[in-house]
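Taking it in order: structure first as structure tokens, then the write-up.
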Ligand code: COA
């Protein structure tokens, strides 16, 4: 498997997928989302792989969000398509994947990066990780399931606080809130993720798939929430605040919202 934006490393019973755009803090552009889908689709049929770990290249970021430069010129319909396709190809796909997927969060997990981690079944973070959904600073809302999965994981009150303030929290706070399952040092992150993968891979793979299906079934109501998210995300693309927010990021200045 050869990918432009991913590294794949297989060892006994598991595969590590590393998102490899460190110069852009591993921001998720369309090709990366497609590659992640294709890599996961291939690994689904690989009988040697029972658990998958997703992480980011470099010391600084897991994923710093969807690639802002890619969608800054989009209009409402393109915005809706972006969210709908991304959710289908990657975020819902991961949530419903039949093998456990662990997010090893090695730095910033922002916007689409935190949404990616939240779609995974389990999250481990290194102590330098910073987590947040900063979309409202761009005149946007989370569009890859963040409005639904964050509330599921940490409750509605804290989720709204994080989304509305666009605040970033540290790994220890994320642990207290239940947003991550464990915090480790940077050096030990991948060993801890591997140990967790090993513990899972000893169990029946048909039972693991059944457990994922059963837990997810309890949250099936979220589909209407995800559809509303796609609609509202798309509508943001028609606003002056979106133009200002994305331009400000790309011009490296603070936005001035009307
Ligand atoms: N989309 C596109 N490019 C991104 C990006 C994103 N989400 N996040 C970071 N980058 C790029 C930067 O534009 C910069 O590129 P350049 O060197 O060509 O100018 C590079 O990655 C390094 O980022 P930089 O901002 O210089 O690093 P920093 O250490 O000063 O700040 C962050 C780190 C994470 C605080 C900052 O990059 C940031 O706020 N990113 C956007 C987070 C966000 O809003 N995510 C939600 C998107 S929907």
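The values are calculated or read from the model by the stated rules, or taken from the named source; none is laboratory data. Computed from a predicted model, the values in this text were never measured in an experiment. Using ideal geometry, Cβ is built from the backbone for each residue, glycine included, and neighbour counts are taken over all protein chains shown.
Condition check: within 14 Å of the ligand (Cβ to nearest atom), assigned to a helix (DSSP H, G or I) and over 21 Å from the mean Cα position of the chain (by Cα). Does residue 242 satisfy that? Judged against the criteria, residue 242 is a match. List every residue pair whose Cβ atoms sit under 7 Å apart, with the two residues 6 or more apart in sequence or on different chains, where the first one lies in segment 133-152 and is at positive phi and modelled with pLDDT of 95 or more and the second, anywhere, is part of a helix (DSSP H, G or I) and near the ligand (Cβ under 10 Å from one of its atoms). Here the result reads 139/245; 145/115, each pair linking segment 133-152 to a residue that is part of a helix (DSSP H, G or I) and near the ligand (Cβ under 10 Å from one of its atoms).
Can you say whether residue 115 is part of a helix (DSSP H, G or I) and either within 15 Å of residue 91 (Cα to Cα) or within 15 Å of the ligand (Cβ to nearest atom) (or both), as far as the supplied structure shows?
Against the criterion (part of a helix (DSSP H, G or I) and either within 15 Å of residue 91 (Cα to Cα) or within 15 Å of the ligand (Cβ to nearest atom) (or both)), residue 115 qualifies.
Residue under question is residue 84, and the condition is that it be farther than 21 Å from residue 133 by Cβ and more than 11 Å from the ligand (Cβ to nearest atom); does it hold? No. How many residues does segment 217-239 contain that are assigned to a loop (DSSP other than H, G, I, E, B) and either surrounded by fewer than 16 Cβ atoms within 10 Å (Cβ to Cβ) or over 24 Å from the mean Cα position of the chain (by Cα) (or both)? So the count comes out to 6.
Is segment 232-239 home to any residue that is more than 16 Å from the ligand (Cβ to nearest atom) and within 22 Å of residue 98 (Cβ to Cβ)?
no
Of the listed requirements (1) without any contact (Cβ under 8 Å) to a residue 24 or more places away in the chain; (2) closer than 20 Å to residue 123 by Cβ; (3) assigned to a helix (DSSP H, G or I), residue 206 misses just one: (2).
Please pick out the residue among 64, 103 that is without any contact (Cβ under 8 Å) to a residue 60 or more places away in the chain, within 16 Å of the ligand (Cβ to nearest atom) and surrounded by 24 or more Cβ atoms within 10 Å (Cβ to Cβ). Please lay out each step first, then the result.
On the way: 103 fails: within 16 Å of the ligand (Cβ to nearest atom).
Exactly one residue qualifies, and that residue is 64.
Take the residues of segment 36-61 that are under 18 Å from residue 201 (Cβ atoms) and without any contact (Cβ under 8 Å) to a residue 24 or more places away in the chain: which is farthest from the ligand (Cβ to nearest atom)? Selected residue: 47. Filtered by the rule that a residue be within 26 Å of residue 187 (Cα to Cα), in contact (Cβ under 8 Å) with a residue 40 or more places away in the chain and within 16 Å of the ligand (Cβ to nearest atom), segment 1-35 gives 19, 24, 25, 26, 27, 28.
Residue 144 meets each of the listed conditions (1) more than 21 Å from residue 25 (Cα to Cα); (2) within 10 Å of the ligand (Cβ to nearest atom) apart from (1). The lone criterion from (1) surrounded by fewer than 19 Cβ atoms within 10 Å (Cβ to Cβ); (2) more than 16 Å from the ligand (Cβ to nearest atom); (3) more than 14 Å from the chain's Cα centre (by Cα) left unmet by residue 72 is number (2). With respect to (1) crowded, with 17+ Cβ neighbours inside 10 Å; (2) within 30 Å of residue 138 (Cα to Cα), the lone exception for residue 166 is condition (1). With a requirement of 1 or more residues that are touching a strand residue (DSSP E or B) at 6+ places or on another chain (Cβ under 8 Å), the helices (runs of 4 or more DSSP H) lying completely within segment 128-194 that satisfy it span 156-165, 171-177. Going by the conditions given, is residue 157 on the phi < 0 side of the Ramachandran plot and more than 14 Å from the ligand (Cβ to nearest atom)? When the stated conditions are applied, residue 157 passes them.
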